[in-house]
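The values are calculated or read from the model by the stated rules, or taken from the named source; none is laboratory data. What you see is a predicted model, and the numbers here were worked out from it, not measured in a lab. Cβ placement follows ideal geometry from the backbone for every residue including glycine, while neighbour counts extend to all protein chains displayed. Heavy atoms of the whole protein, side chains included, go into the accessibility calculation; ligands, DNA and RNA do not. Shrake-Rupley method; radii C 1.70, N 1.55, O 1.52, S 1.80 Å.
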Amino acid sequence: MDYVKKKRKTSTIKQQRNNPIPPNFPLFLSLSPSLSYLFILIYFCCSVQIVRRRRRSLELIENMAIDEGGLARRLWFKFRDDSVFSLYTPFFVGLASATLHSETTFRHFISQDLHFLKAFVLAYELAEDCADDEDDKNGLRDLRKRAVGRLQMHDTFVREWGFEFPNEDISKDIATTKYTDFLLATASGKIEGERSVLDKIATPFEKTKVAAYTLAALAPCMRLYAFISTEIQGIINPDQDSTHIYKSWIENYSSQVFEEIALQNEDMLDKLSVSLTGEELEIIEKLYHQAMKLQVDFIAAQPISDQQSVVPLSRVHDFSKRHLTILCDFDLACTAFDSAAILAEIAIITAPKADMDGSDQTQLARMPSADLRSTWDVLSTQYTEQFEQCVESIVASERVEEFDYERLCSALEQLAEFERKANERVVQSGVLKGLNAEDIKRAGQSLILQDGCRSFFQKIVKNKNLKTDVHVLSYCWCNDLIVSAFSSGDLNVLNVHSNELVYQESVTTGEIVKKMESPMEKLQVFNDVLIDRRGEGNKHLTVYIGGSVGDLLCLLEADIGIVVGSSSSLRRLGDHFGVSFVPLFSGLVKRQKELADQDCASNWWKPLSGVLYTVSSWAEIQAFILGSSKLVLRKISMATFWQERQREEDVI
C-alpha cells in the first residue's frame, strides 16, 4: 500500500501555502508525538472557518518571507496563476513555436503597444502630480521618460522585428480599451466600487495613495510580459531556433533592460505603499489583480486567423463526436497530505475516548492509543525502508536507452507484491480498527485539496460543451474519505475507485476490501473505464493526472499523461525505463510546430509514446484543458475580425 509516500518537503513558504501544514511541522513531530498527532487530526477535521484562518496566516507568513520581497512581489506570487493562462493561450504557444501568422495576428498584437504606451505615459504623469515626496516624483518622472522613449522608438523596434505598419491610424481593440480605460480611471482617482479618491483627500500627503493605486495598475503588466518572454526564451534552442521569426521580440521583453523597468515599477509601488492603511492596501491588491486579469483577457482575445492550435484541449477537439475522460490519483495529486496518515491519526486520537466512555463494549476490542501510535510508527518506518529498497533493486538493473514498456511492467511486479504485503500488515496490526464513519466523513469534508484542484473539476463537470466524465483512481484505504472530500462544490458526480474499509455498525473492523493495491490493478480499473466508454460507441480522449509510482502505467497508457508533484521515485523509475518527462508548456510548443508542419488536425495525442508532461500547479492543467474564459478561438480572416470588432464598438 502506497500509504507513506515521502511527504514533499515544504522548504519554501510558497510550497507551504499550496500544502498548508504548519511551517514548523518537523519541530512539532520532534517535540511531542501526542501533540503532533493531535494537531494533525484537529487540523484536518477542523471547521472550514479555521482552515481559512490557517490559510490566511500562511499567506501572511509567505508575504514576509518571499526573498524579503515587498508588496509588489507578494502580489505577483499571489496572482501568478493568472499568468499561466496567458502563457497557455493559442497566441503565445503559437508565438513560442514561431507558427503565428505574422502578417495578421502578430502585427495586430504589437500594434496595440502604441495604445498601451500612450496610456502608460499619461498614467505616470498623473501619478507624478499626486506624489508628495521629491524622490518619488523623480522616480515616476524617470518611468514616464522610459515609456516616452519606448513610444518614440516603437516604429523602429517593429521594423527591427521585421514588420511594418500601414500608414493609416491603428485602431484600439476592445480588450486594449478595457485596460487603458481602467488604468487612466485609476490614475485619476476613480476606483470601481469606491467614491472618488480625490474627493476624500484632505492633505497633499494623502494624494500619494493615488500614485500608489496607479502603480498597482501598471506593475503587473510589466511583470507579466517579463515572465512570459523569459519562459519562452528558456525553451528556445539557440542553435536550432536562430532564425525564429519572433526572436527579437522575445529577446526585447526578456532582456535585462526590460527586467529593470519591471523592477523599477515594483520598487516604486513598494515605496508609495509603505504608509498605507490596511484598507488602502486591500484596494492596492484589488487593483493589481484587476490589472492582471485585464492583461490576461487582452492576450486571450488575440484573434488566431486561419490556423490550427493545440490549446486549449477542450476547444480544438470536436467533443460532439469524441468523449473526454479525465482520470486522476488522489493522495498528493489532489490532496496536500497523504490520506492514510489521516485515517491512522483518527484511530489513534479516538481510541482513548472509546475506552473511557464505555462505548467500545459493543464493538471489537481496540488497543490503547499509545500502542496504536507505536504500531503505526513501526508500519510507517517499515514501509518507507522497504519501498526504497524495492526501488533501489529495480534501478540497479541495466538502464534502457529507449522507452521499454514491457520491462517497466515486469519491474513493477516487484512493487505489486511489496504493496500487497504492506497492506496485509496494516490489517493484521489492527491500526484501522474502531474508526467512526462520521469522523471519517468530517475529515474528508475538511480535507485541504491542492490549490486549483477543486475549481478545475468544478469547471469540468459544469462545462456543458464537453462530454466529460471524471474518475478518481486511488490506493487510498477508504472510499468514503475521497467521496467526502469531493462532496462539496457539486463534485459528487465524480466516480471514485479505491479500496474500502469494512464497517460494523458504522465503526471500522480494521479490515480492508482490497480493490486496488498495485500499478497493474490500477491500470486494470483504468482499462475497465475505457472499455465501458467504447461499449457506448464513443471515441474518446483520455487524460490521466498523477504523481506517484503507482500511477506510472496509467500515465503512460493515457493519451495524455500529466505528472503533478515531485516524486523522486516516479522520476527515477521512469528515467530508468526510457520515459521522458517534459514540461507541459515546452511539449505543447513542440506539438504546435508539428501541427503546423503536418497542416492537418489528426489525432496528435497517442498512448504509450513514452512521454509524460510535468506541471507545477493545477492552474497549468486548467489552462491547457479549458483555457481562459475570455479566449477567442475562431478561425477567421483578419478582415472578418475587424468587421466584428467594429460592430462591438458601435454597440458600446
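For ASP551, state whether it is among the charged types (D, E, K, R), in contact (Cβ under 8 Å) with a residue 40 or more places away in the chain and in a helix (DSSP H, G or I).
Values: among the charged types (D, E, K, R): yes; in contact (Cβ under 8 Å) with a residue 40 or more places away in the chain: yes; in a helix (DSSP H, G or I): yes.
Considered against the rule, which asks whether it is among the charged types (D, E, K, R), in contact (Cβ under 8 Å) with a residue 40 or more places away in the chain and in a helix (DSSP H, G or I), ASP551 comes out as yes.
Picking from LEU608, LEU595, LEU633, which residue would you name as being open to solvent by 50 Å² or more (accessible area, probe 1.4 Å), of a type outside the set (S, T, N, Q) and modelled with pLDDT under 95? Can you show your working first?
Working: LEU608 fails: modelled with pLDDT under 95; LEU595 fails: open to solvent by 50 Å² or more (accessible area, probe 1.4 Å).
Criteria check complete, one pass: LEU633.
Which of the residues belonging to the stretch 278-303 are open to solvent by 10 Å² or more (accessible area, probe 1.4 Å) and in a loop (DSSP other than H, G, I, E, B)?
Residue satisfying the conditions is ALA301 alone.
Is there a residue in the stretch 141-159 that is in contact with a Ser or Thr (Cβ under 9 Å, 6 or more places away or on another chain), in a helix (DSSP H, G or I) and at pLDDT below 85? Walk me through how you get there before you give the answer.
Taking the stretch 141-159 and keeping what is in contact with a Ser or Thr (Cβ under 9 Å, 6 or more places away or on another chain), we get 157-158.
Filter once more, keeping what is in a helix (DSSP H, G or I): 157-158.
With at pLDDT below 85 added as a condition, the list becomes 157-158.
Yes - at least one qualifying residue is present in the stretch 141-159.
Identify, by number, the condition in (1) of a type in the set (Val, Ile, Thr); (2) buried (at least 21 other Cβ atoms within 10 Å of the Cβ); (3) in contact with a Leu (Cβ under 7 Å, 6 or more places away or on another chain) that ILE560 doesn't meet.
Every condition holds for ILE560 apart from (3).
Let's see how each residue does on (1) modelled with pLDDT of 95 or more; (2) open to solvent by less than 10 Å² (accessible area, probe 1.4 Å); (3) in a helix (DSSP H, G or I):
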site	(1), (2), (3)
VAL210	no, yes, yes
ALA217	yes, yes, yes
ALA226	yes, yes, yes
SER229	yes, yes, yes
ILE232	yes, yes, yes
ASP239	no, no, no
SER242	no, no, no
ASN252	no, no, yes
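Quickly run through the stretch 516-544 and pick out the residues that are open to solvent by 70 Å² or more (accessible area, probe 1.4 Å) and modelled with pLDDT of 95 or more.
Listed by number, the list holds a single entry, GLN524.
Conditions (1) touching a residue at least 12 places away in the same chain (Cβ under 8 Å); (2) within 25 Å of ARG533 (Cα to Cα); (3) surrounded by fewer than 17 Cβ atoms within 10 Å (Cβ to Cβ), marked per residue:
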{"residue": "GLU398", "(1), (2), (3)": "no, no, yes"}
{"residue": "LEU415", "(1), (2), (3)": "yes, no, no"}
{"residue": "ASN423", "(1), (2), (3)": "yes, no, no"}
{"residue": "LEU432", "(1), (2), (3)": "yes, no, no"}
{"residue": "VAL461", "(1), (2), (3)": "yes, yes, no"}
{"residue": "VAL472", "(1), (2), (3)": "yes, yes, no"}
{"residue": "VAL483", "(1), (2), (3)": "yes, yes, no"}
{"residue": "VAL493", "(1), (2), (3)": "yes, yes, yes"}
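Taking the options SER397, SER474, name whichever one is in the same structural domain as LEU530 (by the TED database), under 26 Å from PHE581 (Cβ atoms) and within 22 Å of the chain's Cα centre (by Cα). Please lay out each step first, then the result.
Details: SER397 fails: within 22 Å of the chain's Cα centre (by Cα).
Exactly one residue qualifies, and that residue is SER474.
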